[in-house]
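The values are calculated or read from the model by the stated rules, or taken from the named source; none is laboratory data. This is a predicted model, so every value here is computed, not measured. Heads up, the Cβs are rebuilt from the backbone with ideal geometry, glycines too, and the neighbour counts pull from every protein chain shown.
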Number of protein chains: 2
Amino acid sequence: MTDPVFLRACRGEDVDHVPVWFMRQAGRSLPEYRALRGEGSILDAIGDPAVAAEVTMQPVRRYGVDAAILFSDIVVPYHAIGFGVDVVPGRGPVIAQPFKSDADLERLRDLTELDVAHVTQTVDLVVKELEGTNTPLIGFAGAPFTVASYLVEGAPTRDFGIIKSLMHADPVLFDHLLDRLVAITVSFLRFQVARGARALQLFDSWAGSLTRDEYERFALRATQRVLDGIRDLNVPTILFGVGTGEILDLMARAGSTVMGIDWHVDLNVGRQRVGDRPVQGNLDPARCLSGEKLGVEAAREVLAKAGTQSGHIFNLGHGVLPQTDPAVLEAIVRVVHEEGRAGVV
Amino acid sequence: MTDPVFLRACRGEDVDHVPVWFMRQAGRSLPEYRALRGEGSILDAIGDPAVAAEVTMQPVRRYGVDAAILFSDIVVPYHAIGFGVDVVPGRGPVIAQPFKSDADLERLRDLTELDVAHVTQTVDLVVKELEGTNTPLIGFAGAPFTVASYLVEGAPTRDFGIIKSLMHADPVLFDHLLDRLVAITVSFLRFQVARGARALQLFDSWAGSLTRDEYERFALRATQRVLDGIRDLNVPTILFGVGTGEILDLMARAGSTVMGIDWHVDLNVGRQRVGDRPVQGNLDPARCLSGEKLGVEAAREVLAKAGTQSGHIFNLGHGVLPQTDPAVLEAIVRVVHEEGRAGVV
């Protein structure tokens, strides 16, 4: 077992313990993060490789998780090419001029490595720090549909009314938009792997806002093309979205190595829906808000549903909530490492 | 066919057209509603029977829907017994002193008819106006879990962290809370039927925030007891929640006459999950935001999934969005009446 346990689990291989990391493990729940970042836009912190690398490493040091994930945001490449994105604290990404028409396609030019030099420098710093450990770095990007929803809606939404209007009223324009996003996403992911990211997560965070028919028509193919565009890199890929119970089988067709299962779906049921491939998940983050004892109890429920079959990466079924006590996550890491049985030999 | 078509469809009987109504049909999307209500708390409008009755009737007149639904709010009985609830415009229900401990149980005394005299008077006015028509009035209440989530969280939430802490940390207290809510809900529904409501919808709006295990342990039994408590009234009942795909089969066990299916779940799939009972739904409200042509196209997709089997009440799969153009809903009513085939003889 020379490969890191996280990578082995992604490939469904035997492991000596169940690997664990947490979506949004780097972030506001950590006092050392708040101390380092202070106020100011997250895009500024991401834009400073020393800060971004340090923030990436904080949860690795504190929790002993089995993977680092790049501190970044799915809008970063679009900010980098000047689409006009800001991330407003407490609100999320806001677009000055949302995508509306053919003319906006020109604002989505191809991404060059220079555009995201701050990101590749961060990767360099993190990879150097992780050298000689068993902790790989996960790179990531937003899946085309989810990025499109930000660019078209212009601000966080609950009903996705604007993007649904666009996709149904002008599916040809929407396809052209997806084409641009596929190209940018593939480039962005390739840059990260070229510098040493050893796995990739694709966040299709809002895929659950689509019906099955809509997912198949307006999201699946673009995600497939992104994954096809990085397959030769031979790094494990993880595809994750929230509230995706109805479309998990369709998402699985996109061809990721691992499927992320959100917390609404029982892990054993989710695994069946994705054709029995390795799964990542899926503790409800809300159950980490009431102390170590209850958090550990909740983690054990997930381990029980995971069973002994190989190919389980323990994670939350959504991002760490900002009000989470890090001590709870520390306790969960210990329990997963000690008691997890999936693929453990 | 002497009974109104809506009631016949609820019972899975043959109909001469597919009935349709819209969740939140009375409300901000209607100019006549905005003109009547102006600013001010929704609880004031609900507290004035003349206003509430008029608002209830507005969509019946404009759309020709097959049912009226009482203009009210699920917090109304709790406001009435002085629990300290306000509904903040654009935000939702806010509780001055959220439910936290045994001592708060005393603040949830039984409901008397006098407490909700404004509601029963509204029912009287609406029933009188609907006399001689084929349009019955639907009464409603919040299901115990969803009401509990408001009372415990104290304000709208996305992660349900506070209520999840309470239910897992102190399940006995949570059961006592549910006991109180069951009693109040049964009384509230019975008062509405006594005055002439001919069907009842139970909104378990946030049931989808629970895992299957949580729903079974912390919500199902209370909803069952509410439905058992009104069964002798012999009016059709509809149970609805949002994002409930994973728990539809469990919700069906609560024993409602009809199951509401939210828009994430294909209607034919949802019907199978609820044991083939009559279903209500489930057009995505976001698809009513882009003009008549696209709205009608979306409605036809739902009708196609409903097929010809009896027992379909057409509705949205969530409430009408405030920015909806009423002309789109008018067009959808026409199309459902003309083209719906479920149970039509």
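General remarks:
- Qualifying positions in region B:226-249 - surrounded by fewer than 19 Cβ atoms within 10 Å (Cβ to Cβ) and more than 24 Å from A:Asp213 (Cβ to Cβ): B:Asp228, B:Gly229, B:Arg231, B:Asp232, B:Leu233, B:Asn234
- Residue count for region A:253-269, restricted to those that are touching a helix residue (DSSP H, G or I) at 6+ places or on another chain (Cβ under 7 Å), away from chain B (no Cβ under 12 Å) and not in a loop (DSSP other than H, G, I, E, B): 2
- Sole exception among (1) of a type outside the set (A, V, I, L, M); (2) at pLDDT 95 or above; (3) within 22 Å of A:Ser256 (Cα to Cα) for A:Pro59, by number: (3)
- Looking only at region A:66-88, and only at residues there that are assigned to a loop (DSSP other than H, G, I, E, B) and charged (D, E, K, R), the one that is nearest to A:Thr135 (Cα to Cα): A:Asp66
- Conditions (1) closer than 30 Å to A:Pro171 by Cα; (2) touching a residue at least 24 places away in the same chain (Cβ under 8 Å); (3) more than 13 Å from every other protein chain (Cβ to nearest Cβ); (4) not in a loop (DSSP other than H, G, I, E, B): number failed by A:Ile247: (3)
- A:Ser72 closer than 29 Å to A:Cys10 by Cα and of a type in the set (S, T, N, Q): yes
- Any hit, region B:47-54, residues being small (Gly, Ala, Ser), part of a helix (DSSP H, G or I), modelled with pLDDT under 95 and more than 26 Å from B:Ala183 (Cα to Cα): no
- Scanning region A:175-182 for any residue that is surrounded by fewer than 20 Cβ atoms within 10 Å (Cβ to Cβ), within 14 Å of chain B (Cβ to nearest Cβ), over 30 Å from A:Asp3 (Cβ atoms) and free of Cβ contacts under 8 Å to residues at least 12 places away in the same chain turns up nothing.
- Against the numbered list (1) more than 14 Å from chain A (Cβ to nearest Cβ); (2) in contact with a helix residue (DSSP H, G or I) (Cβ under 9 Å, 6 or more places away or on another chain), B:Asp276 comes up short only at (2).
- Members of region B:183-228 found to be closer than 22 Å to B:Met167 by Cα, charged (D, E, K, R) and part of a loop (DSSP other than H, G, I, E, B), listed by number: B:Asp204
- Residues in region A:216-240 that are within 12 Å of another protein chain (Cβ to nearest Cβ) and touching a residue at least 40 places away in the same chain (Cβ under 8 Å): A:Arg217 alone.
- Out of A:Gly291, A:Gly281, one residue alone is at positive phi, in contact with a His (Cβ under 9 Å, 6 or more places away or on another chain) and within 14 Å of chain B (Cβ to nearest Cβ). It is A:Gly281.
- Qualifying residue in region A:283-304 (condition: closer than 19 Å to A:Leu7 by Cα, modelled with pLDDT of 95 or more, buried (at least 18 other Cβ atoms within 10 Å of the Cβ) and in contact with a Leu (Cβ under 8 Å, 6 or more places away or on another chain)): no
- Within region A:305-330, if we keep just the residues that are within 12 Å of another protein chain (Cβ to nearest Cβ) and part of a helix (DSSP H, G or I), the residue that is surrounded by the most Cβ atoms within 10 Å (Cβ to Cβ) turns out to be A:Val328.
- Within region A:188-215, considering residues that are under 18 Å from A:Tyr150 (Cβ atoms) and more than 14 Å from chain B (Cβ to nearest Cβ), the one surrounded by the most Cβ atoms within 10 Å (Cβ to Cβ): A:Asp204
- Here A:Ser149 fulfils each of the conditions (1) away from chain B (no Cβ under 14 Å); (2) part of a helix (DSSP H, G or I) apart from (1).
- Filter result (among the small types (Gly, Ala, Ser) and closer than 15 Å to B:Phe99 by Cα) within region B:140-193: B:Ala148, B:Ser149, B:Gly154, B:Ala155, B:Gly161, B:Ser165, B:Ala169
- Near pairs, Cβ below 8 angstrom, 6+ apart or cross-chain, from region A:158-171 (more than 9 Å from every other protein chain (Cβ to nearest Cβ)) to any residue that is assigned to a loop (DSSP other than H, G, I, E, B) and among the hydroxyl-bearing types (Ser, Thr, Tyr): none
- Qualifying residue in region B:98-106 (condition: outside any loop (DSSP other than H, G, I, E, B), under 20 Å from the mean Cα position of the chain (by Cα) and not small (Gly, Ala, Ser)): no
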